[in-house]
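Input: a single structure, listed below in structure tokens.
The values are calculated or read from the model by the stated rules, or taken from the named source; none is laboratory data. On a predicted model such as this, the values are computed, not experimentally measured, just so you know. Neighbour counts run over all protein chains shown; Cβ positions are idealised from the backbone, glycine included.
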């Protein structure tokens, strides 16, 4: 158990007080928001030494590291793209620090290495990822990142001669990209920095081999508010999508024939519904929430001198559409129904043809159309099976494996079941339980739980090394489908959105209480974990019910909900969380904001915060401030530590050895706190 080998780092209180909507709000550690100050850097170093002294002293850490390596140092595949019969994907060989980009000529082809990030000689934190290929399969666009940064640089490979072209795009956000059908260049929307407002809302054409200074502007959205411009295309038309954020978001669509010098023609301007268009053989299809909270797929019919008309292809239903792919004359549409995946197949007139077979307990993610007519490529995984890439052809009903991540997990020893619990408002909610067969049957066991509860993102069974390691050691894993996601349609999301956010936390705590009340676990054996929005979830849980948990792992979180929107691009999440500038939002935020819910003298559970300098989604200031606040207030002997890295961000791109070390630390922390044998 925890032994304090070093003195707790000192975090000076320099309280900043504000009156917000008539209420005094104190912020004792605002000075830690300044990431580059000498004091903050010194504080981070002291926290790192403190955490290392504890983590390195945990018995059996070497054995934990060996098993983590067994899970992570394996062959992996992801990010598949298809063009002209060629499959492009990332593949990492066992013990390789970063995955490389490969190509396979047809399904039966051999894997050909295209891009190896280690050959750049820029260190193990450099990663690459394929984004899209030209229609003829000749050119490949890929992203290069260093560490977990949000931005990247974007390069192009001529596959025929394996040359990296000189036409790369510098570090920034690539919002749209389309290869021109004639193979002479590409269209793009590229945000380089926040100050160049015109460039960030414009689309350009670049001709291969020419300086970017000669790129032609083909479209520029009007000034006003927060605007994001995207691109879509078929063989004849370039489409431009303009999305304007705000209290009432607006969507506009413009079209322009390739080769035309005329300005793009508006198809739809400032629609208050969402629109996600696709061009296919002269038709305009789109997914929209117009009169359809759970979304529907429509065909858009342009009208001369009048607004276009819509025809349903896939009408709205009780389930929310997750993804849709057009493969030749077939339309694949995926849904989530609680923890289950459903994939329907339609023709392009909207006639439902069949269901794509889905294995029970499996999560399916549609990726792209395949090389063969009507073939779809998808990814599938479950609690026991790591992600695999598959191909499905409706005509034959054949589902074939393209590539699969290896795993040492002995799946046959483990199982899952579903239970239901009642939340505080009387709502019945399902929860998946996963573990060894004997653990599922009966008894009080160490338990780990997570959930998400935000952005309308459903949580379905996935393979997690984090979870697999712990269930091997006798833990029960619990995954409640709390509100805030869209497991049961958009209403499931809106029930815990913005000023109703506490509903998600009530659901999560009700799930925890049910597990204790039914004697599946007890608070001294109970741990929760989560990252990003789920990091906020576990932060809320540990501050609202610190007595319910033994340990918490809170990764790359939001925690100061009064100031979150002031950093990076987080103001765009206003519709999800609200902002403290508005009185009604503030009243909800201040009630659950974890940083502001910490109380002096409370016995808090052992907590491990995880963050790093490169995170520009959930700024690391949240983890820094919360670590200081919790350490100062905690009356228990349980450790409060910060696992912090210069290169860690929101993207999971750390090199293999660092990933092994990081996961070893989290597993050692939980093994120590839950008294698990290693």
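Does residue 345 satisfy being touching a strand residue (DSSP E or B) at 6+ places or on another chain (Cβ under 8 Å), closer than 30 Å to residue 311 by Cβ and in a strand (DSSP E or B)?
yes
Return the pair list, or none, for Cβ contacts closer than 6 Å from residues in the stretch 324-349 that are at positive phi and at pLDDT below 95 to residues that are in a strand (DSSP E or B) and surrounded by 19 or more Cβ atoms within 10 Å (Cβ to Cβ), at least 6 apart or on different chains.
Note: pairs meeting the criteria are 338/487.
Going by the conditions given, is residue 286 in a strand (DSSP E or B) and farther than 19 Å from residue 180 by Cα?
yes
Criterion first (in a helix (DSSP H, G or I), touching a helix residue (DSSP H, G or I) at 6+ places or on another chain (Cβ under 9 Å) and within 30 Å of residue 91 (Cα to Cα)) does residue 627 satisfy it?
For residue 627, the condition - in a helix (DSSP H, G or I), touching a helix residue (DSSP H, G or I) at 6+ places or on another chain (Cβ under 9 Å) and within 30 Å of residue 91 (Cα to Cα) - is not met.
Here are the criteria: (1) outside any loop (DSSP other than H, G, I, E, B); (2) farther than 26 Å from residue 156 by Cα; (3) touching a helix residue (DSSP H, G or I) at 6+ places or on another chain (Cβ under 8 Å). Tell me which single one residue 206 does not satisfy.
All conditions are met except number (2).
The rows are residues; the columns are (1) at pLDDT 95 or above; (2) farther than 21 Å from residue 227 by Cβ; (3) not in a strand (DSSP E or B).
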{"position": "140", "(1), (2), (3)": "yes, yes, no"}
{"position": "143", "(1), (2), (3)": "yes, yes, no"}
{"position": "148", "(1), (2), (3)": "no, yes, yes"}
{"position": "156", "(1), (2), (3)": "yes, yes, no"}
{"position": "160", "(1), (2), (3)": "no, yes, yes"}
{"position": "167", "(1), (2), (3)": "yes, yes, yes"}
{"position": "173", "(1), (2), (3)": "no, no, no"}
{"position": "178", "(1), (2), (3)": "yes, no, no"}
{"position": "189", "(1), (2), (3)": "yes, no, no"}
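Could you tell me how many of the residues in the stretch 430-460 are in contact (Cβ under 8 Å) with a residue 12 or more places away in the chain, more than 21 Å from residue 542 (Cα to Cα), over 24 Å from the mean Cα position of the chain (by Cα) and not in a loop (DSSP other than H, G, I, E, B)?
The qualifying residues number 5.
Output the number of residues of the stretch 551-569 satisfying the condition of being part of a helix (DSSP H, G or I) and touching a residue at least 40 places away in the same chain (Cβ under 8 Å).
Qualifying residue count for the region: 1.
Taking the criterion of being surrounded by fewer than 20 Cβ atoms within 10 Å (Cβ to Cβ) and in a strand (DSSP E or B), would at least one residue in the stretch 62-74 satisfy it?
no
Go through (1) at negative phi; (2) over 25 Å from the mean Cα position of the chain (by Cα); (3) surrounded by fewer than 18 Cβ atoms within 10 Å (Cβ to Cβ) and name the single condition residue 150 misses.
If we test residue 150 against (1) at negative phi; (2) over 25 Å from the mean Cα position of the chain (by Cα); (3) surrounded by fewer than 18 Cβ atoms within 10 Å (Cβ to Cβ), just (2) comes out false.
Yes/no matrix, rows are residues, columns are (1) out of contact with any helix residue (DSSP H, G or I) (no Cβ under 8 Å at 6 or more places or on another chain); (2) buried (at least 19 other Cβ atoms within 10 Å of the Cβ); (3) closer than 24 Å to residue 401 by Cα:
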position: 101; (1), (2), (3): yes, yes, yes
position: 110; (1), (2), (3): yes, no, yes
position: 124; (1), (2), (3): no, no, no
position: 160; (1), (2), (3): yes, no, no
position: 182; (1), (2), (3): yes, no, no
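Which residue pairs have Cβ atoms under 6 Å apart, sit 6 or more places apart or on different chains, and have a first residue in the stretch 288-309 that is on the phi > 0 side of the Ramachandran plot and at pLDDT 95 or above and a second that is surrounded by fewer than 19 Cβ atoms within 10 Å (Cβ to Cβ) and part of a loop (DSSP other than H, G, I, E, B)?
295/289
Go through 629, 666, 616, 597 for me and flag whichever is buried (at least 19 other Cβ atoms within 10 Å of the Cβ) and under 22 Å from the mean Cα position of the chain (by Cα).
Working: 629 fails: under 22 Å from the mean Cα position of the chain (by Cα); 616 fails: buried (at least 19 other Cβ atoms within 10 Å of the Cβ); 597 fails: under 22 Å from the mean Cα position of the chain (by Cα).
Exactly one of 629, 666, 616, 597 is buried (at least 19 other Cβ atoms within 10 Å of the Cβ) and under 22 Å from the mean Cα position of the chain (by Cα), namely 666.
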